[in-house]
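Q: Okay, handing you the structure first.
The values are calculated or read from the model by the stated rules, or taken from the named source; none is laboratory data. On a predicted model such as this, the values are computed, not experimentally measured, just so you know. Cβ: placed from backbone, ideal geometry, glycine included. Neighbour counts: every protein chain shown.
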Amino acid sequence: MQISLNNQSEDFPTEGIDSFGQLMNTLSERAADQGDSVLEVKLNGEDITGKDKSHLEELPLGDIELLEVQTGDAKALARSTLYSVADFHQQLLQELQGTSELFRLGNMERSTQAFLKCIDGIQVFMHSLESCRRMLGISFELMHLPQAEGEDEQTVAESRRILFGMLDNILEVQTDQDWVLLADMLEYELIPALQDWREVIFCILEKTSSDQDAENMPDLQDNPEAIVS
């Protein structure tokens, strides 16, 4: 068995360790002793980061040819990733606007392809935010979004449920092939709802920043181009 830790071949002692689960627990404890966390895991060339590993807990070490592990500061990685997520979010909004226009022009083949790409993009966006949330140790159920005066306070979790419900309705309209209604829903419902999620990114960065970070943080609210990848 070969173990690679942070891209360096590691002669890791495995006495008393019989399974993948025990090995990962040992590696996690070692990283924690250094103030780090396990960020990425590849088993025999397959990236299993973030996947359910319960079925691998008892995997014998003899079945492991190569284990690649990346460790580091999870919170710093999550915050850095959020800036890239904000950049992706901006591109996603532009693609949705273009898709709406394609439906209005009646170009069904191109518009359908663009629509499916946007749906995939939304899933990637939400999954990336969820991964960052876990690494930062925050709860969307407890995080509230700023609201205009007179509006009811809303948590990020509630906003997410509303967005998913909207997506379900949009997919039903797409199945019914009501292209004009679909174009309207993309432009006047989905795009404004997704625009609000830029505020979510800003709130996460603000909530998890140190005083020095806050001084250097790009203003994502007022300057959409202030993104670093």
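Every residue, every condition in (1) without any contact (Cβ under 8 Å) to a residue 24 or more places away in the chain; (2) among the small types (Gly, Ala, Ser), yes or no:
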{"residue": "Leu105", "(1), (2)": "yes, no"}
{"residue": "Cys118", "(1), (2)": "no, no"}
{"residue": "Gln123", "(1), (2)": "yes, no"}
{"residue": "Ile138", "(1), (2)": "no, no"}
{"residue": "Ala157", "(1), (2)": "yes, yes"}
{"residue": "Ile170", "(1), (2)": "yes, no"}
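Q: Any idea which of (1) within 23 Å of the chain's Cα centre (by Cα); (2) modelled with pLDDT of 90 or more is the one Arg104 doesn't satisfy?
A: Among (1) within 23 Å of the chain's Cα centre (by Cα); (2) modelled with pLDDT of 90 or more, Arg104 violates only (1).
Residues checked against (1) modelled with pLDDT under 90; (2) touching a helix residue (DSSP H, G or I) at 6+ places or on another chain (Cβ under 7 Å); (3) surrounded by fewer than 17 Cβ atoms within 10 Å (Cβ to Cβ); (4) assigned to a helix (DSSP H, G or I):
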position	(1), (2), (3), (4)
His127	no, no, yes, yes
Ser139	no, no, yes, no
Gln147	yes, no, yes, no
Gly165	no, no, yes, yes
Leu182	no, yes, no, yes
Leu186	no, yes, no, yes
Glu189	no, yes, yes, yes
Pro192	no, no, yes, yes
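Q: So is Thr155 in contact with an Asp or Glu (Cβ under 7 Å, 6 or more places away or on another chain) and surrounded by 14 or more Cβ atoms within 10 Å (Cβ to Cβ) or not?
A: Yes: the conditions hold for Thr155.
Residues are listed down the side, and each one gets a yes or a no for (1) assigned by TED's automatic domain parsing to the domain that holds Ile138; (2) surrounded by 15 or more Cβ atoms within 10 Å (Cβ to Cβ); (3) over 18 Å from the mean Cα position of the chain (by Cα):
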site: Phe20; (1), (2), (3): no, yes, yes
site: Asn25; (1), (2), (3): no, no, yes
site: Glu29; (1), (2), (3): no, no, yes
site: Glu40; (1), (2), (3): no, yes, no
site: Glu46; (1), (2), (3): no, no, yes
site: Lys51; (1), (2), (3): no, no, no
site: His55; (1), (2), (3): no, no, yes
site: Glu65; (1), (2), (3): no, no, yes
